[in-house]
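Notes for the one structure printed next.
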Amino acid sequence: MRYYLFNFSNQDGGSGRALSDKVAALLRLKMWGVDLGEPHRAELFAGDLVLIYLGLPLRAFVGRARLASAVRDWTSAEAEMYPGDSQGGVLLADVEEWDPPVPMHAVVERIDPTGSNPYVQANARNGFQNGVVQITDHEYEAVLAVRAKWVARSARE
């Protein structure tokens, strides 16, 4: 089993709300498009775990899922349902939408508390360059731990 981050960035300059709505629709469909040139495309397999990340302007983790399939072309019916322009992707299972979302800055504080890892700091500042990013089990678990704290905080408020 491997761990990935699925990055959804705002390339159209739309609002954070519109971006959140698009991602929520994908998660409810349990489909995620993965373009042909995407790094790690051939390495995605059923059972892998993914975190869903929204780039600018939100910079937050908004969910997680387990892959129900490897990357494949959409069937005719799936292509009709899929709201994007990707010709294929993965199916998702065990999808969780997170409300509240987990801000990137809170995760960075846990993963790189001294601010000494230039890779982590650059991704936190500039966003991720790819739509699929392989992460470590430590990074995956760190996001879940921060989420547990955010949920507990929200319950108290």
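The values are calculated or read from the model by the stated rules, or taken from the named source; none is laboratory data. Since the model is a prediction, treat every value here as computed from it, not as a measurement. Neighbour counts run over all protein chains shown; Cβ positions are idealised from the backbone, glycine included.
Some values worked out for this structure:
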{"quantity": "Set ARG28, ARG110: member being basic (Lys, Arg) and under 16 Å from the mean Cα position of the chain (by Cα)", "calculated": "ARG28"}
{"quantity": "Residues of segment 54-91 that turn out to be part of a loop (DSSP other than H, G, I, E, B), under 25 Å from PRO103 (Cβ atoms) and in contact (Cβ under 8 Å) with a residue 60 or more places away in the chain, as a count", "calculated": "3"}
{"quantity": "Single condition LEU36 does not satisfy, out of (1) part of a strand (DSSP E or B); (2) surrounded by fewer than 13 Cβ atoms within 10 Å (Cβ to Cβ); (3) at pLDDT below 95", "calculated": "(1)"}
{"quantity": "Answer residue from segment 102-155, given it is of a type in the set (Ser, Thr, Tyr) and more than 17 Å from TYR3 (Cβ to Cβ) and is modelled with the lowest pLDDT among those", "calculated": "SER116"}
{"quantity": "Of the criteria (1) closer than 27 Å to ALA155 by Cα; (2) modelled with pLDDT under 95; (3) of a type outside the set (Lys, Arg); (4) surrounded by 13 or more Cβ atoms within 10 Å (Cβ to Cβ), which one ASP99 fails", "calculated": "(4)"}
